[in-house]
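Working notes for the structure below.
The values are calculated or read from the model by the stated rules, or taken from the named source; none is laboratory data. Owing to the predicted nature of the structure, the values given are computational and were not obtained by experimental measurement. Reconstructed Cβ throughout: ideal geometry from the backbone, glycine too, with neighbour counts over all protein chains shown.
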Amino acid sequence: MAKSKDGASSSPDVERLHKSLVSIGVDKEAAKKLTASKSLEHVVIPIYWKEGLESRAHSFWLMKLPEFLKSFTKQFPDGEVRWDPDYEGAEPAEDIAIRVQFNVQEDDQGDHWRPKQTLLDDEAYQKMLERSSYKGTKPVAAHLVVHGR
């Protein structure tokens with residue numbers, strides 16, 4: 001990858017990644033650190049899939065994020081993807097997280113609910129995760145880059 005004057009990587013892939021990070025609300029400084037990292041091709045992030053009370057995390061390469069966001073919006077147009085370092089927990093997360101959830105809907109009484117995913121939705125999502133999941137060695141967690149550990 002080519003380097004710019006300020007030391008950050010500059011390539012169409014890195015620019016797409018930076019744009020994707022900012023589009024889901026990642027802090028600009030954190031996005032800059034991630035995309036400028038020498039270990040960028042080895043940085044992994046967790047994707048959390050919440051189903052009822054159970055949360056499952058799947059890690060994949062950060063460089064796959066633009067592809068993931070694109071495929072997610074194609075397969076689940078009613079869903080939303082957000083940056084969420086806390087992921088609705090009482091304690092801050094140890095890692096940087098991307099949360100996947102479906103839009104909140106409102107019924108006639110004004111109650112909010114999230115529609116339960118169908119079996120087809122879940123299968124399509126799992127296939128997409130398999131395509132995006134990292135399979136390499138020596139992954140570097142995103143928070144290690146952002147927090148400089």
When only residues in segment 15-49 that are touching a Pro at 6+ places or on another chain (Cβ under 9 Å) and among the basic types (Lys, Arg) count, which is nearest to MET63 (Cα to Cα)?
ARG16
If I ask for residues that are out of contact with any strand residue (DSSP E or B) (no Cβ under 9 Å at 6 or more places or on another chain) and assigned to a loop (DSSP other than H, G, I, E, B), which ones from segment 136-148 would you list?
THR137, LYS138, HIS147, GLY148
With respect to GLU80, is the statement that it is of a type in the set (Asp, Glu) and modelled with pLDDT of 75 or more true?
no
Can we say SER20 is modelled with pLDDT of 85 or more and crowded, with 18+ Cβ neighbours inside 10 Å?
yes
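The rows are residues; the columns are (1) polar (S, T, N, Q); (2) modelled with pLDDT under 85; (3) not in a strand (DSSP E or B).
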site: THR35; (1), (2), (3): yes, no, yes
site: GLU41; (1), (2), (3): no, no, yes
site: LYS64; (1), (2), (3): no, no, yes
site: THR73; (1), (2), (3): yes, yes, yes
site: GLN101; (1), (2), (3): yes, yes, no
site: ALA124; (1), (2), (3): no, yes, yes
Against the condition surrounded by fewer than 16 Cβ atoms within 10 Å (Cβ to Cβ) and either under 20 Å from VAL22 (Cα atoms) or at pLDDT below 65 (or both), how does GLU94 come out, does it pass?
yes
Go through segment 20-33 and give me each residue that's in a loop (DSSP other than H, G, I, E, B) and among the small types (Gly, Ala, Ser).
GLY25
Looking only at segment 113-122, which residues are part of a helix (DSSP H, G or I) and either modelled with pLDDT of 80 or more or touching a helix residue (DSSP H, G or I) at 6+ places or on another chain (Cβ under 9 Å) (or both)?
LEU119, LEU120, ASP121
